[in-house]
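Q: Pasting in a structure now, in structure tokens, and then I'll have a few things to ask.
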Amino acid sequence: MFIGVAVITAVGMLISAKDTYLKFLNYLALVLVTLSGGWTIRQTLSQGSYEYGSGILYFDALSALLLSVIIMITIYVILFSIGYMEKEVQEKQLPRTRLKWYYFWIWIFIAAMLLVVSTPNLGIVWLGIEGTTLATTLLVGFYRNKKAVEAAWKYVILCTVGISFALLGTMLLFAAAAPLLGQNLSALDWRMLPRVAQHLDLNLVRLGVLFTVIGYGAKVGFVPMHAWLPDAHSQAPSPVSALLSAVLLNCALYAILRWYSLARLTALGPEFVGKILMSFGLISLALMVGFILVQRDLKRLLAYSSVEHMGILALGFGLGTSEAVWGASLHLLLHALTKANLFVIIGSLVQKTKTRQISRIRGIFSIWPYTGLILVLGLLAITGTPPFGTFRSELYILTGLFKIGHPVLGFFAILFLTVIFAGFLQHFLQMLFGKPSSRFPSGEPVTTLALVMPLLLVLFLGLFIPQSLNQALNQVVKVILGGV
């Protein structure tokens, strides 16, 4: 299975730091993960669910959606890492001997995320999320300079506090379910819990849900638990930033969605968790307006954008209508593709310019036209501009606010998104035009255009939704709104 492939690959990375060896092992691992993951996704969507190892691993449509995201972004990021990290070595940013540790921790990180979406047990989901914290702490501080170490400490402290809240919530659920399902793993199995949902102790479930949403919400980056996110994203190597924003945040949100699905079946009903998610969503969206408008650091700008989009997802899932959840599920996929692309292309840009300051980057179109083209497409995709798929997914969520009687929330959400678009437009236009610095190297290989592939997919899905994807998203909606 793909989890075993990721772990074995991580261990194999420690054998040698030679460029040819690391490349070969990464390529082999990507092929094996893609084949095994693709088979699992196909079996899951065709059968409705898929078990492996006597039910130890279990997949449904929601698992398949997240697994698809993890595999696609992993392929994109690892392929980019090979050239990116080699250039970091050549420019003396780190010794070659540390490359193997970079790949070791990034594959451990990937393995932990794969575990999160492969287990039917909420306790093991918690273990997987905790595993991502341990792995990514060392990746955030990988450059070992003062700012990177500070960011790593801030990240591990805030996320550990959050994950402790989630652990308390998980323990409360176990206390409520154990008298009904037994003192074993079944008490946290989301295949079994719906059968006894109406008989769970309501007070324990209410507290458990509250602690868990707040705890995992810190990992998602909901305001006000988002303080770690801009520091971590800005200091980590750019490929790691792409994985953090495009995959890790979604894995933490996945954990919340499992609790959300369960809570809807209890006496709490759909409104309790829905209102919590919508509150976090609107606050996150509102606060990011100011941060994005005044931001001067390019990677921190993308980090605040991630908080914004997690807020959009929280609004969509919190609404709880089939249309809004369908749109949010699509948006989860599209945001992951878009943000991975932006962190990768901007990571390449920062490597060329030796700065993350927006005010110091000018004239991209005149010296790097391919990079400029990708940045324009990325700008349109991340701000939900038609005809990109992010416009379609956001439209489903925003119309849902009006359809179920929240016109004021809908108005403010549209207002916030409009101002954020203006802020991104201002920042990007400053960088794309003007006179470039004489210290910037000129010219770029045509292979740079390969980095645009995720954006082309986002554009395609704005113009056309394949029937197979539509059916898969409908299955996701049924899982989220109806349990197993």
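The values are calculated or read from the model by the stated rules, or taken from the named source; none is laboratory data. What you are looking at is a predicted structure, and each value in this text was computed from that prediction instead of being measured. Neighbour counts run over all protein chains shown; Cβ positions are idealised from the backbone, glycine included.
Q: Find all pairs meeting these conditions: Cβ atoms under 8 angstrom apart; at least six residues apart or on different chains; first residue within the range 20-38 and surrounded by 14 or more Cβ atoms within 10 Å (Cβ to Cβ); second residue among the hydroxyl-bearing types (Ser, Thr, Tyr) and not in a helix (DSSP H, G or I).
A: Listed pairs, sorted by first residue: 22/16.
Q: Which members of the range 230-249 meet the condition of being more than 8 Å from the chain's Cα centre (by Cα) and aliphatic (A, V, I, L, M)? Spell out the reasoning first.
A: Taking the range 230-249 first, the residues more than 8 Å from the chain's Cα centre (by Cα) are 230-242.
Across the range 230-249, the qualifying residues are 232, 236, 240, 242.
Q: Tell me yes or no: at least one residue of the range 208-228 is farther than 30 Å from residue 155 by Cα and either touching a Cys at 6+ places or on another chain (Cβ under 8 Å) or of a type outside the set (D, E, K, R) (or both).
A: Looking only at the range 208-228, we keep the residues that are farther than 30 Å from residue 155 by Cα, and these are none.
No.
Q: Looking only at the range 404-462, how many residues end up being of a type in the set (A, V, I, L, M, F, W, C) and more than 20 Å from residue 390 (Cα to Cα)?
A: Filtering the range 404-462 for residues of a type in the set (A, V, I, L, M, F, W, C) gives 404, 408-409, 411-417, 419-422, 424-425, 428-429, 431-433, 440, 446, 449-453, 455-461.
Of the ones still in play, those that are also more than 20 Å from residue 390 (Cα to Cα) are 404, 408, 429, 431-433, 440, 446, 449-450.
Selection size over the range 404-462: 10.
Q: A follow-up question, please. What is the one condition in (1) at pLDDT below 95; (2) crowded, with 16+ Cβ neighbours inside 10 Å; (3) out of contact with any Lys or Arg (no Cβ under 6 Å at 6 or more places or on another chain) that residue 61 does not satisfy?
A: Going through (1) at pLDDT below 95; (2) crowded, with 16+ Cβ neighbours inside 10 Å; (3) out of contact with any Lys or Arg (no Cβ under 6 Å at 6 or more places or on another chain) one by one, residue 61 breaks only (1).
Q: I would also like to ask the following. Can you pull out the residues in the range 225-273 that are under 20 Å from residue 111 (Cα atoms) and assigned to a loop (DSSP other than H, G, I, E, B)?
A: Those that are under 20 Å from residue 111 (Cα atoms) and assigned to a loop (DSSP other than H, G, I, E, B): 236, 237.
Q: Would you say residue 348 is in a helix (DSSP H, G or I), at pLDDT below 95 and either more than 24 Å from residue 322 (Cβ to Cβ) or among the small types (Gly, Ala, Ser) (or both)? Talk me through it step by step, then tell me what you get.
A: Details: in a helix (DSSP H, G or I): yes; at pLDDT below 95: yes; either more than 24 Å from residue 322 (Cβ to Cβ) or among the small types (Gly, Ala, Ser) (or both): yes.
The answer is yes for residue 348.
Q: Which condition number does residue 275 fail, the rest of (1) surrounded by 21 or more Cβ atoms within 10 Å (Cβ to Cβ); (2) under 27 Å from residue 196 (Cα atoms) being met?
A: Single failed check for residue 275: (1).
Q: Go through (1) within 30 Å of residue 299 (Cα to Cα); (2) in contact (Cβ under 8 Å) with a residue 12 or more places away in the chain for residue 473 and report which single condition fails.
A: Going through (1) within 30 Å of residue 299 (Cα to Cα); (2) in contact (Cβ under 8 Å) with a residue 12 or more places away in the chain one by one, residue 473 breaks only (1).
Q: Keeping to the range 374-418, report how many residues are aliphatic (A, V, I, L, M), over 23 Å from residue 431 (Cα atoms) and in contact with a Leu (Cβ under 7 Å, 6 or more places away or on another chain). Walk me through it before giving the result.
A: Step one: of the range 374-418, the residues aliphatic (A, V, I, L, M) are 374-377, 379-382, 395, 397-398, 401, 404, 408-409, 413-415, 417.
Those still in the list that are over 23 Å from residue 431 (Cα atoms) too: 395, 397-398, 401, 404, 408-409, 413-415.
From the residues that got through so far, the ones that are in contact with a Leu (Cβ under 7 Å, 6 or more places away or on another chain) too are 397, 401, 404, 409, 413-414.
Within the range 374-418, residues that are aliphatic (A, V, I, L, M), over 23 Å from residue 431 (Cα atoms) and in contact with a Leu (Cβ under 7 Å, 6 or more places away or on another chain) number 6.
Q: Now for a separate question. If residue 93 meets every condition in (1) touching a residue at least 40 places away in the same chain (Cβ under 8 Å); (2) among the polar types (S, T, N, Q); (3) assigned to a helix (DSSP H, G or I) apart from one, which number is that one?
A: Of the numbered conditions (1) touching a residue at least 40 places away in the same chain (Cβ under 8 Å); (2) among the polar types (S, T, N, Q); (3) assigned to a helix (DSSP H, G or I), the odd one out for residue 93 is (3).
Q: Of all residues in the range 441-469, how many are surrounded by fewer than 16 Cβ atoms within 10 Å (Cβ to Cβ) and either farther than 26 Å from residue 327 by Cα or in contact with a Pro (Cβ under 6 Å, 6 or more places away or on another chain) (or both)?
A: 9
Q: Could I ask something else about it? Would you confirm whether or not the range 328-337 contains a residue that is modelled with pLDDT of 95 or more and either surrounded by fewer than 18 Cβ atoms within 10 Å (Cβ to Cβ) or more than 29 Å from residue 272 (Cα to Cα) (or both)?
A: Yes: the range 328-337 contains one or more residues that are modelled with pLDDT of 95 or more and either surrounded by fewer than 18 Cβ atoms within 10 Å (Cβ to Cβ) or more than 29 Å from residue 272 (Cα to Cα) (or both).
Q: Looking at 114, 139, which is the one that is under 30 Å from residue 92 (Cβ atoms), crowded, with 19+ Cβ neighbours inside 10 Å, in contact with a helix residue (DSSP H, G or I) (Cβ under 6 Å, 6 or more places away or on another chain) and not polar (S, T, N, Q)? Show your work before the answer.
A: Details: 114 fails: under 30 Å from residue 92 (Cβ atoms).
None of the other options fit; the residue is 139.
Q: Quick test of your reading of the structure: residue 155 fulfils all but one of (1) of a type in the set (Ser, Thr, Tyr); (2) touching a helix residue (DSSP H, G or I) at 6+ places or on another chain (Cβ under 9 Å); (3) more than 26 Å from residue 214 (Cβ to Cβ). Name the failing condition by number.
A: (3)
Matching residues to (1) in contact (Cβ under 8 Å) with a residue 40 or more places away in the chain; (2) in the same structural domain as residue 54 (by TED's automatic domain parsing); (3) surrounded by 24 or more Cβ atoms within 10 Å (Cβ to Cβ); (4) over 24 Å from residue 278 (Cα atoms):
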| residue | (1), (2), (3), (4) |
| --- | --- |
| 168 | yes, no, no, no |
| 177 | no, no, yes, yes |
| 180 | no, no, no, yes |
| 193 | yes, no, yes, yes |
| 201 | no, no, no, yes |
| 210 | yes, no, no, no |
| 213 | yes, no, yes, no |
| 235 | yes, no, yes, yes |
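Q: Can you say whether residue 222 is under 30 Å from residue 101 (Cα atoms) and not in a helix (DSSP H, G or I), as far as the supplied structure shows? Before you say what the answer is, go through the steps one by one.
A: Values: under 30 Å from residue 101 (Cα atoms): no; not in a helix (DSSP H, G or I): yes.
So residue 222 does not fit the description; no.
Q: Show the residue pairs that are 6+ apart or on different chains and have beta-carbon atoms under 7 Å apart, the first residue being within the range 431-459 and within 12 Å of residue 345 (Cβ to Cβ), the second being assigned to a loop (DSSP other than H, G, I, E, B) and at pLDDT below 95.
A: Close Cβ pairs (under 7 Å, with a partner that is assigned to a loop (DSSP other than H, G, I, E, B) and at pLDDT below 95) amount to 431/361; 431/362; 444/368.
Q: Another question about this same structure. Scan the range 18-25 and tell me whether some residue there is under 27 Å from residue 84 (Cα atoms) and either acidic (Asp, Glu) or not in a helix (DSSP H, G or I) (or both). Give the derivation first.
A: First pass over the range 18-25, keeping only residues under 27 Å from residue 84 (Cα atoms): 18-25.
Then drop every residue that is not either acidic (Asp, Glu) or not in a helix (DSSP H, G or I) (or both), which leaves 18-19.
Scanning the range 18-25, I find at least one residue that is under 27 Å from residue 84 (Cα atoms) and either acidic (Asp, Glu) or not in a helix (DSSP H, G or I) (or both), so the answer is yes.
Q: Quick one: is residue 411 farther than 24 Å from residue 230 by Cα, under 20 Å from the mean Cα position of the chain (by Cα) and in the same structural domain as residue 450 (by TED's automatic domain parsing)?
A: Details: farther than 24 Å from residue 230 by Cα: yes; under 20 Å from the mean Cα position of the chain (by Cα): no; in the same structural domain as residue 450 (by TED's automatic domain parsing): yes.
In short, no.
Q: I'd like the full set of residues that are in contact with a Phe, Trp or Tyr (Cβ under 9 Å, 6 or more places away or on another chain) and either of a type in the set (A, V, I, L, M) or more than 16 Å from residue 259 (Cβ to Cβ) (or both), limited to the range 211-224.
A: Hits for the range 211-224 are 213, 214, 218, 220, 221, 223.
Q: Additional query: What's the number of the only condition in (1) modelled with pLDDT of 95 or more; (2) surrounded by 17 or more Cβ atoms within 10 Å (Cβ to Cβ) that residue 409 fails to meet?
A: Exception for residue 409: condition (1).
Q: Being under 22 Å from residue 309 (Cβ atoms), in the same structural domain as residue 333 (by TED's automatic domain parsing) and either aliphatic (A, V, I, L, M) or out of contact with any helix residue (DSSP H, G or I) (no Cβ under 9 Å at 6 or more places or on another chain) (or both), is that true of even one residue in the range 427-437? Reasoning before the result, please.
A: Within the range 427-437, the subset under 22 Å from residue 309 (Cβ atoms) is 427-429, 431.
Those left that are additionally in the same structural domain as residue 333 (by TED's automatic domain parsing): 427-429, 431.
Keeping just the survivors that are either aliphatic (A, V, I, L, M) or out of contact with any helix residue (DSSP H, G or I) (no Cβ under 9 Å at 6 or more places or on another chain) (or both) gives 429, 431.
Yes - at least one qualifying residue is present in the range 427-437.
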